């Protein structure tokens, strides 16, 4: 935790009704000095060296009897072992529900509460922004709010996400659709 070194007042001039009187007081923390001190530790460089250079060799040595041929095959072997270890941890079942599902739902609930239910409070505001209620033709720029949103969504939601949802519904049935909908509304 960084220590509090002061406060800064930020005025929101565009949407004062959403943020109360338009002034937000935020504490400033000196977290950067703690990061610098952490990086100056004598043990951090050997640890990073071990993690990024020696650990893949150890994982490869524990792999199959056949050594991978070629650079790409060795990288694939390293990441296959890492993914296998991660799947052993992430797909542990707790009460019949995989840990990864509990983690995602817990994160959605935490951030919903931490941000004071902004996904529900500001929903009407988000719809108003997309509908163009805050567009000003005299402002610089060529994109409207809706065009910027559409471009961001088209870059984010690609064929992989669509195929992932289709595979989840095909594999998990109606339960997968229910949990994806619940996760969507909560986070």
Restricting the range 87-96 to residues that are outside any strand (DSSP E or B) and exposed (fewer than 11 other Cβ atoms within 10 Å of the Cβ), the residue that is modelled with the lowest pLDDT
89
Qualifying positions in the range 151-187 - outside any helix (DSSP H, G or I) and closer than 27 Å to residue 111 by Cα:
157, 158, 187
Any pair with Cβ under 6 angstrom, 6 or more apart, that starts in the range 85-103 at a residue that is free of Cβ contacts under 8 Å to residues at least 40 places away in the same chain and ends at one that is assigned to a strand (DSSP E or B) and surrounded by 11 or more Cβ atoms within 10 Å (Cβ to Cβ):
91/98
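Kindly check whether there is at least one residue in the range 169-185 that is touching a residue at least 40 places away in the same chain (Cβ under 8 Å), loosely packed, with under 13 Cβ neighbours inside 10 Å and within 23 Å of the chain's Cα centre (by Cα).
Let us first name the residues in the range 169-185 that are touching a residue at least 40 places away in the same chain (Cβ under 8 Å), namely 179, 182-183.
Adding the requirement that they be loosely packed, with under 13 Cβ neighbours inside 10 Å leaves 182.
Checking the rest, the ones that are also within 23 Å of the chain's Cα centre (by Cα) come to 182.
Yes, the conditions are met somewhere in the range 169-185.
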Under 8 Å by Cβ, and 6 or more places apart or on different chains, what pairs join a residue from the range 139-167 that is under 24 Å from residue 178 (Cβ atoms) with one that is surrounded by 10 or more Cβ atoms within 10 Å (Cβ to Cβ)?
165/180
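The values are calculated or read from the model by the stated rules, or taken from the named source; none is laboratory data. Everything numeric here is computed off the predicted structure, so don't read it as measured data. Glycine also receives a Cβ, built like all others from the backbone with ideal geometry; neighbour counts cover every protein chain displayed.
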